[in-house]
Every structure is written in C-alpha cells, then in structure tokens.
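S.K.: Okay, here's the structure, questions in a sec.
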Amino acid sequence: MKSLVIALALTLSSAWAFADTDFSNLSKKKTTPQGLYMTAKQAYQDRLNSSDTSLFIDVRTRAEVEFVGMADMVDINIPYMTHDNESWNSKKKQFKSEPNSNFSIAIEDAIKKKGFSKDSKIIVMCRSGSRSAKAANLLDQLGYKNVHSVVDGFEGDKAKSGPSKGHRTVNGWKNAGLPWSYKLTVAKMYFEE
C-alpha cells in the first residue's frame, strides 16, 4: 500500500511540474512542430516514472558525450550532427559539422530494439536545446508522433550577465544536479554502420 501511495505521489508531482511550465516564450530555434517540451528536471522525473515506456536519446556528438559526460538515464547516444575534423568553420570558430547521414536509421534501430513504434514516446536531449529541437523536427517529418525536446539540454543555457556571463550555468541536466557520469557504457554509444 505504501509503495502505491509513493508511486501515485510521484505521478501527480510529475504531472503538476509539467502543467506549471510555460514553454510559450521559447526561442524559435528551440521550438518543434509537435510542441512537446520538457526541462531536464522534467525529463528526469519522467524517466523515474516511465523509463520502460519511453526512449531517451542524447543527440550530442560522440566527443561531447566522451569529454563532457552523459546523463545516467539516457538509453542511447545517436548524434544528430557529426564533426568534420578536417574542415574549419571560420564564422563559428570550430570544426565544421554536418547532419549525421545515419541518424534516421539509427533511430529506427533503437526503436525496434525497445519494441516500440512511431507512436512511442521519444525524448531527445542535446547540449542546450537547439539540436534536440532540430532532431525532433526531423523525427516529426519521419512520422514519429510523440517526440519531446529537452529545452535546456545537458549543459544548459549561457548566463547573460554576472560573473558567469557566457558560461552554461543557467539550467540543464548537469546544473540541476541530476545523475550523470564521465564513465560511459558501450551499449549506449553510437557506432557508425
């Protein structure tokens, strides 16, 4: 009986947390056609309540996952973008990146491995919410109907003022103190076919 009460309380607190969040002021680069959003804290709560009914995908690059760490509750890393370490983007002052040509195939494989369908819940998370929105847009175009984007991502947004100005200290998985690690699990890693 006690466990039933705890489960009901977790479910209700998760539902209330989602109802209290206003996503109407998201920047355009973080919006998706389905309009399904979560904060990192909400994604954590959702995974506590329904990890067996959703697929949680980290869409950051393999280098980001390796050097910045990964949320413990992520099912798999499937990069939305890949880096071309041979070419430089002078405008962004970084190596050029391009869409992962195997992204849709890898998603389909991950869905099949979990025994899910295109109607199953998918949660996508990137560094700060922009790439996850792009990934959610592509998944929508591919017919996936229940794709949620984590709007503050793994590292969060940059502070606009104060001593942390320009650093990712505002929100996000890591800044919320949610479980993550530098120790990666090979079963969750992305390997090109």
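S.K.: Those residues that are within 15 Å of residue 184 (Cβ to Cβ), touching an Asp or Glu at 6+ places or on another chain (Cβ under 9 Å) and not hydrophobic (A, V, I, L, M, F, W, C), I need them from segment 61-96; list them, please.
M.R.: Across segment 61-96, the qualifying residues are 64, 75, 77, 79.
S.K.: Let me ask something additional. Here's a check for you: in segment 70-94, which residue that is in contact with a Ser or Thr (Cβ under 6 Å, 6 or more places away or on another chain) and either free of Cβ contacts under 8 Å to residues at least 60 places away in the same chain or among the small types (Gly, Ala, Ser) (or both) is farthest from residue 127 (Cα to Cα)?
M.R.: Looking at residues that are in contact with a Ser or Thr (Cβ under 6 Å, 6 or more places away or on another chain) and either free of Cβ contacts under 8 Å to residues at least 60 places away in the same chain or among the small types (Gly, Ala, Ser) (or both), I get 83.
S.K.: Here's a check for you: in segment 153-175, which residue that is among the small types (Gly, Ala, Ser) and under 29 Å from residue 106 (Cα atoms) is surrounded by the most Cβ atoms within 10 Å (Cβ to Cβ)?
M.R.: 153
S.K.: Continuing with the same structure: Of the numbered conditions (1) surrounded by fewer than 19 Cβ atoms within 10 Å (Cβ to Cβ); (2) in a loop (DSSP other than H, G, I, E, B); (3) of a type outside the set (A, V, I, L, M); (4) within 15 Å of the chain's Cα centre (by Cα), residue 145 satisfies every one except a single condition; which is it?
M.R.: (4)
S.K.: Which condition breaks for residue 110 when tested against (1) farther than 23 Å from residue 51 by Cα; (2) under 16 Å from the mean Cα position of the chain (by Cα)?
M.R.: It is condition (1) that residue 110 fails.
S.K.: Checking the condition farther than 18 Å from residue 43 by Cα and of a type in the set (Val, Ile, Thr), which residue from 107, 123 passes?
M.R.: Among 107, 123, only 107 is farther than 18 Å from residue 43 by Cα and of a type in the set (Val, Ile, Thr).
S.K.: Scan segment 148-173 for residues that are assigned to a loop (DSSP other than H, G, I, E, B) and closer than 29 Å to residue 101 by Cα and report the count.
M.R.: Final tally of qualifying residues: 9.
S.K.: Restricting the search to segment 138-174, which residues are in contact (Cβ under 8 Å) with a residue 60 or more places away in the chain and not charged (D, E, K, R)?
M.R.: 146, 147, 148, 149, 150, 151, 153, 154, 156, 171, 172, 173
Every number here is computed from the coordinates shown, using simple stated rules; none is lab data. Keep in mind it's a predicted model, so treat the numbers as computed, not measured. All Cβ positions, even for glycine, are placed from backbone atoms using ideal geometry, and neighbour counts span all protein chains on display.
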